[in-house]
Amino acid sequence: MSTEGVIYRVAGPVVTAVGISPRMYDVVHVGNERLMGEVIKIVGDKSIIQVYEDTTGVKPGEPVTNTGLPLAVELGPGLLTSVYDGIQRPLPILMEMCNGPFIGRGKTAPGISRETKWDFKPAVAVGDEVSAGSVVGTVQEGPMVHKIMLPPNAKKGKVEEIKEGSFTVEEPIVKVDGVEYPMMQKWPVRQPRPVAEKYNPDVPLVTGLRVLDTMFPLAKGGAAAIPGAFGTGKTVTQQSLAKYSDADIVVYIGCGERGNEMTEVLTEFPELKDPRTGDSLMKRTVLIANTSNMPVAAREASVYTGMTIAEYFRDMGYNVALMADSTSRWAEAMREISSRLEEMPGEEGYPAYLSGRLAEFYERACRGKSLCGDDGSISVIGAVSPPGGDLSEPVTQNTLRIVRVFWALDTKLRERRHFPTINWLTSYTMYDAQLSDWFKANVAEDFPDLKVWAMKVLQKEAELQEVVQMVGSDSLPDEQKIILEVAKMIREIYLQQNAYDEVDCYCPLKRQYTMLKLIKKYSDLADKALKSGVAVDKIAYIPARERFQQAKQDPQIDAELAAVEKDMEEQISKLEA
Amino acid sequence: MATVSKEYKTIENIQGPLVFVKTEEPVGYKELVTVRLSDGSIKNGEVLDSANGMVVIQIFEGTSGIDRSASVKFLGDTMKMPVSKDMLGRVLSGSAKPLDGGAEIVPEDMRDIAGAAINPWARASPNAFIQTGISTIDGMNTLVRGQKLPIFSASGLPHNDLALQIARQAKVRGENEQFAVVFIALGITNEEKQKFMREFERTGALKNAVVFLNLADDPAVERIATPRLGLTTAEYMAFDLGMQVLVIMTDITNYCEALRQVGAAREEVPGRRGYPGYMYTDLAQLYERAGRIKGKEGSITQIPILTMPGSDITHPIPDLSGYITEGQIVLSMDLHRNGIYPPVNVSSSLSRLMSNGIGPDHTRDDHKNVSDQLYASYAEGKDLRGLVAIVGKDSLSAKDRKLLDFADLFEDRIVRQGIDEDRSIETTLDIAWEILKELDVDQLTRISKKLIQKYLKKE
């Protein structure tokens, strides 16, 4: 098999080579500058390569080398806190290599450091039987215990030798039936890593955002889509999720997004305090940043790179939250490459394999038992950016066919400064039934019922608003006016949440329950007061409501909420007297 | 410079702006080309597709006059431009040739116009306030250093007046910093060109500006290069000379039309509405050249202006732009018809980075609260207009009537301002308080009590 060939043709990021006989998706190095690329099509003796870097100045006749290996990521200690581009090149190291802020060409650096030494503690002894995925030892990586596993393709056997002490990721630490394994493993990004068993998703991913946890919860191992036209607050919502959700590991893929937005993530994450450890959130995060102006082929690869890293941590038995912002940009990268290949376009110019690729990607989200025997999960939160907010476009439609949670962001809400801008009427979750047992056991027996009540009030409000639009609110009967007031409380106090406020940014489930219960209480008291003849206006303007609103940002919030409850009872009973 | 290769007289096909040439030696992708016509005149081009033995060249000036006997020379180098600090105060053409009768630019350096991507790790967050002197921008959709904030306009609206006003008034406040404007006009008419040149000279804004003018009758291929020339200049001034640079590009729609035209000539598979599938990436390569870099003094801030075809915000051009830029300022025909200049529709406008550039450290402590309140009350007031049309003003409550009046007042006092009126941010906020006092205090739900006490002056 020949591995050296020459360039035949260069047209933008698509290069044709002859003289190499690659397999599909082999990684090749192109030209004198050895730009990295991937074989995406084979026509006779010609190999079509998508190059991850700018090809300006590359000429036919320059050499092409086939590595004979598919695009793979390096997995091992050193992943956490890393910031990569779409093909796992560490950006801080690239900056040193390029000697400046702009990314030069032909620069590569290993995904995880070869020099750093890690303290390896064995978890097995000589003579133990081990197999693929077995944990042979651990390394303390920041706040996380990084489990060192045999790769998923390792053969079953007996440990012949196991080391303890300080090693680099390449030094062998265990020998199984004559085969030595280092801490680092490589895994091809386009191939899902195996699990022993997939579970039903019946545990929620707790996010601390009231509208999500209460109204539209996502199960661990599930997938949610956040569609939103630009300017609807999609990114802010996703970032709050990354910050506050109860996942052990966060993998954030900035796929074809803005440079400044990525900077915000890159500067904020290290500064963010992890609510659990008090340490920097970055210590359990892997960031992938392939901004819109970086090479489009690397953008296409970035989601797979991120997913493979997420799977690696799931295999250790961790809960991983994977954010992909945005999958539309990924789909556009596919479209762009497909059109350069002159493939027959499908709907709106997207390739016909769009839905297949999307499904394959989301199917890699799951909660299950890993090969090492521990339970882990990957929850995917994929942003879609439908052009013009048109949800009928192919990427959104194909995504909605796969995911079971839909958090609809709404421009109208943004205009009203209602944040998070998740529309309570058009969003949905299909995990309600599966999760209600968990909520009953872990929050309160009546929590699912309260949620149903709140949704009903909001639905009723939407109907009444139509009437109000036509005849004005004065003509409504009193009971309905109260419904509008309660709905307003649900919207303004419960659903609205300030991501930038120290207290309000994260609302624990118990507190969510307390707050919703309190609104329900107001509703019940108001109904009672109304029956005893109190005027609607008086009930609506009790000072406790204002205090409730303010309590959200009070450092002593739980005490305040208790006080609000007392105020509410007193003030309404005073009205009745 | 690479050695100059030999001349070919082997043109096979000529098609739109493209020339297909048979070659013997390998030619680099994006290499520059000169074509000598039989009458001795020279045209320039760039390699689009280089295969063994056959090269496709895109001619910048259009292919008229080229025949198969024209000779083609490959220059062995990619497109570069001269940059220099003496470019300030100059008016240049769309291909960076002097239009003001001055001398050629004496290069301090030659730069590749495509520009490389900024390593996301090297970026610094946009952080400081830029005052444009326009209330609806400064007060409610604040522009921040390193941001890209487009203006979405439509045909028939005064976006070019607004562009000029911003170019004239924009400044970074307080510190002793160098500020420069790079003004890039794309596909403008000759009449507009005269106006731009006149205005720049009349107001003296030219001394801190570099102006690139690509005209409507210049070839489409040049229009694709012009913003890159301007941005390369801006990068030089920002990251080499340490200046705060504001880049204004008008009109991006003309740029995208040129992209479509060239794409069609190359027989590419079209994407939405015939625009090329790579338009997102292409626009990103322009817009993403805005930003700040760790350890560098200067910054690039962009205001791209585009006219939405048929005022349709879902059209691919505004849509894709909106996904790359950090917000948008939307101009409205309704306001324009009501005689309000600048006709900024604040409800659909947004500056995503506003919070980075406002507050006591940058503008004033009440800025955020006041802006939120204006947004909320104006939105409510506008909703009531719809209701009034059906049920009449009399059926509104007293509070609602105040909101209704507030919406009118807002448009008249905050939105409306003179074409030469340069309002400081303090002036803008003071006007806001003046109109807010027309509402009841309990309607000011977005402003903290402390700020209300400090700023609200009720008679």
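With the requirement that a residue be more than 12 Å from every other protein chain (Cβ to nearest Cβ), more than 34 Å from the chain's Cα centre (by Cα) and crowded, with 23+ Cβ neighbours inside 10 Å, what does the stretch A:23-55 give you?
A:SER47
Mind listing just one residue for me: the one in the stretch B:1-25 that is within 13 Å of chain A (Cβ to nearest Cβ), part of a loop (DSSP other than H, G, I, E, B) and modelled with pLDDT under 90 and, of those, most open to solvent (accessible area, probe 1.4 Å)?
That would be B:MET1.
How many of the residues making up the stretch A:160-194 are closer than 25 Å to A:ARG367 by Cα and not in a loop (DSSP other than H, G, I, E, B)?
4
What number of residues within the stretch A:336-368 satisfy the criterion of being touching a Phe, Trp or Tyr at 6+ places or on another chain (Cβ under 7 Å) and away from chain B (no Cβ under 14 Å)?
Adding up the residues that qualify gives 2.
Within the stretch A:313-335, take every residue that is within 9 Å of chain B (Cβ to nearest Cβ) and in contact with a strand residue (DSSP E or B) (Cβ under 9 Å, 6 or more places away or on another chain) and give me the one that is surrounded by the most Cβ atoms within 10 Å (Cβ to Cβ).
A:ARG329
Where residues in the stretch B:332-350 are closer than 28 Å to B:ARG292 by Cα and open to solvent by 10 Å² or more (accessible area, probe 1.4 Å), which of them is farthest from the other protein chains (Cβ to nearest Cβ)?
If we take residues in the stretch B:332-350 being closer than 28 Å to B:ARG292 by Cα and open to solvent by 10 Å² or more (accessible area, probe 1.4 Å), then B:SER348 is farthest from the other protein chains (Cβ to nearest Cβ).
Scan the stretch B:291-346 for residues that are part of a loop (DSSP other than H, G, I, E, B) and under 23 Å from B:TYR280 (Cβ atoms) and jot them down.
Listed by number, the residues that qualify are B:MET308, B:ASP312, B:ILE313, B:THR314, B:HIS315, B:THR325, B:GLU326.
Restricting to the stretch A:94-141, name every residue that is within 14 Å of chain B (Cβ to nearest Cβ) and of a type in the set (S, T, N, Q).
A:ASN99
Going through A:PHE230, A:PHE216 one at a time, which residue ends up being closer than 30 Å to B:LEU283 by Cβ and either at pLDDT 85 or above or within 12 Å of chain B (Cβ to nearest Cβ) (or both)?
A:PHE230
In the stretch A:397-509, which helices (runs of 4 or more DSSP H) lie fully inside it and hold 1 or more residues that are closer than 26 Å to A:SER379 by Cα and outside the structural domain of A:VAL380 (by TED's automatic domain parsing)?
Here the list reads A:432-442, A:447-471.
Name the one entry in A:TRP453, A:TRP424 that is in contact (Cβ under 8 Å) with a residue 12 or more places away in the chain and under 24 Å from A:VAL236 (Cα atoms).
A:TRP424
Out of A:LYS574, A:LYS517, report the one residue that is open to solvent by 30 Å² or more (accessible area, probe 1.4 Å) and either modelled with pLDDT of 95 or more or on the phi > 0 side of the Ramachandran plot (or both).
A:LYS517
Which of the residues spanning the stretch B:317-331 are within 13 Å of chain A (Cβ to nearest Cβ) and touching a residue at least 60 places away in the same chain (Cβ under 8 Å)?
Of everything in the stretch B:317-331, those that are within 13 Å of chain A (Cβ to nearest Cβ) and touching a residue at least 60 places away in the same chain (Cβ under 8 Å) turn out to be B:ILE317, B:PRO318, B:SER321, B:GLY322, B:ILE324, B:THR325, B:GLU326, B:GLY327, B:GLN328, B:ILE329, B:VAL330.
Matching residues to (1) over 19 Å from B:ILE134 (Cβ atoms); (2) modelled with pLDDT under 90; (3) in the same structural domain as B:LEU439 (by TED's automatic domain parsing):
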site: B:VAL344; (1), (2), (3): no, no, no
site: B:SER349; (1), (2), (3): no, no, no
site: B:ASP361; (1), (2), (3): yes, yes, no
site: B:SER371; (1), (2), (3): no, no, yes
site: B:TYR375; (1), (2), (3): no, no, yes
site: B:ALA379; (1), (2), (3): yes, no, yes
site: B:LYS382; (1), (2), (3): yes, no, yes
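Condition test on A:GLY133, is it at pLDDT 90 or above, out of contact with any Pro (no Cβ under 8 Å at 6 or more places or on another chain) and open to solvent by less than 30 Å² (accessible area, probe 1.4 Å)?
Answer is no for this residue.
Can you confirm whether the stretch B:396-410 contains a residue that is within 32 Å of the chain's Cα centre (by Cα), away from chain A (no Cβ under 14 Å), open to solvent by 30 Å² or more (accessible area, probe 1.4 Å) and farther than 18 Å from B:SER347 by Cβ?
no
It is to be established whether one or more residues within the stretch B:221-228 are open to solvent by 10 Å² or more (accessible area, probe 1.4 Å), assigned by TED's automatic domain parsing to the domain that holds B:ASP138, farther than 30 Å from A:SER328 by Cβ and under 21 Å from the mean Cα position of the chain (by Cα).
Yes, the stretch B:221-228 contains a residue that is open to solvent by 10 Å² or more (accessible area, probe 1.4 Å), assigned by TED's automatic domain parsing to the domain that holds B:ASP138, farther than 30 Å from A:SER328 by Cβ and under 21 Å from the mean Cα position of the chain (by Cα).
Confirm whether A:GLU38 is more than 22 Å from B:GLU25 (Cβ to Cβ), at pLDDT 95 or above, part of a strand (DSSP E or B) and out of contact with any Asp or Glu (no Cβ under 6 Å at 6 or more places or on another chain).
Against the criterion (more than 22 Å from B:GLU25 (Cβ to Cβ), at pLDDT 95 or above, part of a strand (DSSP E or B) and out of contact with any Asp or Glu (no Cβ under 6 Å at 6 or more places or on another chain)), A:GLU38 does not qualify.
Filter the stretch A:267-295 down to residues that are open to solvent by 10 Å² or more (accessible area, probe 1.4 Å) and among the β-branched types (Val, Ile, Thr) and give me whichever is farthest from A:VAL236 (Cα to Cα).
Step by step, filter the stretch A:267-295, then rank; the result is A:THR277.
Determine whether the stretch B:403-410 contains at least one residue that is assigned to a helix (DSSP H, G or I), free of Cβ contacts under 8 Å to residues at least 12 places away in the same chain and among the hydrophobic types (A, V, I, L, M, F, W, C).
Checked the stretch B:403-410: no residue is assigned to a helix (DSSP H, G or I), free of Cβ contacts under 8 Å to residues at least 12 places away in the same chain and among the hydrophobic types (A, V, I, L, M, F, W, C).
How many residues, within the stretch B:367-390, are surrounded by 17 or more Cβ atoms within 10 Å (Cβ to Cβ) and over 11 Å from B:VAL346 (Cβ atoms)?
So the answer is 11.
Among what's in the stretch B:122-151 and is under 22 Å from A:LEU94 (Cα atoms) and surrounded by fewer than 23 Cβ atoms within 10 Å (Cβ to Cβ), pick the residue that is modelled with the highest pLDDT.
Top of the filtered list is B:ALA124.
For residues that are modelled with pLDDT of 90 or more and in contact with a Ser or Thr (Cβ under 8 Å, 6 or more places away or on another chain), tally how many sit in the stretch A:21-33.
Going through the stretch A:21-33 one residue at a time, the tally reaches 7.
Tell me, which residue of the stretch A:248-266 that is within 18 Å of the chain's Cα centre (by Cα) and within 8 Å of chain B (Cβ to nearest Cβ) is most open to solvent (accessible area, probe 1.4 Å)?
A:GLU264
Can you tell me how many residues within the stretch B:77-88 are surrounded by fewer than 16 Cβ atoms within 10 Å (Cβ to Cβ) and either in contact (Cβ under 8 Å) with a residue 40 or more places away in the chain or hydroxyl-bearing (Ser, Thr, Tyr) (or both)?
1
Can you list the strands (runs of 3 or more DSSP E) lying wholly within the stretch B:108-218 that have 2 or more residues being more than 14 Å from every other protein chain (Cβ to nearest Cβ) and within 30 Å of B:GLN373 (Cα to Cα)?
B:129-131, B:151-153
Look through the stretch B:267-316, keep the residues that are among the acidic types (Asp, Glu) and within 18 Å of B:ILE118 (Cβ to Cβ), and return whichever of them is surrounded by the fewest Cβ atoms within 10 Å (Cβ to Cβ).
Across the stretch B:267-316, the extreme among qualifying residues is B:GLU297.
The values are calculated or read from the model by the stated rules, or taken from the named source; none is laboratory data. Just so it is clear, the structure is predicted and the values come from calculations on it, not from any experiment. So basically every Cβ, Gly included, is an ideal-geometry build from the backbone, and we count neighbours across all protein chains shown. Calculation scope for accessible area: heavy atoms of the full protein, side chains included, ligands and nucleic acids excluded. Shrake-Rupley method; radii C 1.70, N 1.55, O 1.52, S 1.80 Å.
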